[in-house]
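The values are calculated or read from the model by the stated rules, or taken from the named source; none is laboratory data. On a predicted model such as this, the values are computed, not experimentally measured, just so you know. Neighbour counts run over all protein chains shown; Cβ positions are idealised from the backbone, glycine included.
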């Protein structure tokens, strides 16, 4: 009888242990799910332009160059068929360079030479080419552009996040270098955008 009680007691204890086991039984598991949540990460479009270097002009030649870099991160479908342009310009047509006391070099006496991908060979500094009535003309309020870099839509839309680097050298147009003594100086500006 004692043996029977011990076996019974062992069976009861073992059954209780199974009931409180931390490992659930394989059958009859309960699972719940939640409504999916959308995740978004938006990066805005951007175009930036930077320049480094210096230009020191001497006679009809030049020394040193300016490096123009256009960085872009764009959505092609927002700008179908628009090219990405970079321009250099002076803000004065009559005094792009000046030594003071009326000793001025007009923008039309200067020519910019651009090298690099998408570069247009040169422009006189008082023309805006085919963009004379475009947004650059509106933004600048002048026609004193010197050079341009054209990155066609077909090029940038294939790699919508990237950069373009060109170099710019500035020279006097033939026979237009100033003859009066003085330290002539001016400011070459830069702009980039879609057009």
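General observations
- Residue in the range 124-146 that is modelled with pLDDT of 60 or more, assigned to a loop (DSSP other than H, G, I, E, B) and surrounded by fewer than 22 Cβ atoms within 10 Å (Cβ to Cβ) present: no
- Of everything in the range 170-188 that is buried (at least 16 other Cβ atoms within 10 Å of the Cβ) and in a strand (DSSP E or B), the residue that is farthest from the chain's Cα centre (by Cα) is 172.
- Against the numbered list (1) in contact with a helix residue (DSSP H, G or I) (Cβ under 9 Å, 6 or more places away or on another chain); (2) buried (at least 18 other Cβ atoms within 10 Å of the Cβ); (3) farther than 16 Å from residue 69 by Cα; (4) modelled with pLDDT of 75 or more, residue 105 comes up short only at (1).
For (1) assigned to a helix (DSSP H, G or I); (2) more than 18 Å from residue 177 (Cα to Cα); (3) modelled with pLDDT under 75, each residue gets a yes or a no:
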{"site": "6", "(1), (2), (3)": "yes, yes, yes"}
{"site": "28", "(1), (2), (3)": "no, yes, yes"}
{"site": "34", "(1), (2), (3)": "no, yes, no"}
{"site": "37", "(1), (2), (3)": "no, yes, no"}
{"site": "50", "(1), (2), (3)": "no, yes, no"}
{"site": "81", "(1), (2), (3)": "no, yes, no"}
{"site": "112", "(1), (2), (3)": "no, no, no"}
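- Residues that are part of a loop (DSSP other than H, G, I, E, B) and either out of contact with any helix residue (DSSP H, G or I) (no Cβ under 9 Å at 6 or more places or on another chain) or under 19 Å from residue 163 (Cβ atoms) (or both) were ranked within the range 83-102; the one that is modelled with the highest pLDDT is 99.
- Residue 167 vs. criteria in a strand (DSSP E or B) and at pLDDT 80 or above: yes
- The single condition from (1) modelled with pLDDT of 80 or more; (2) surrounded by fewer than 15 Cβ atoms within 10 Å (Cβ to Cβ) that residue 70 fails is (2).
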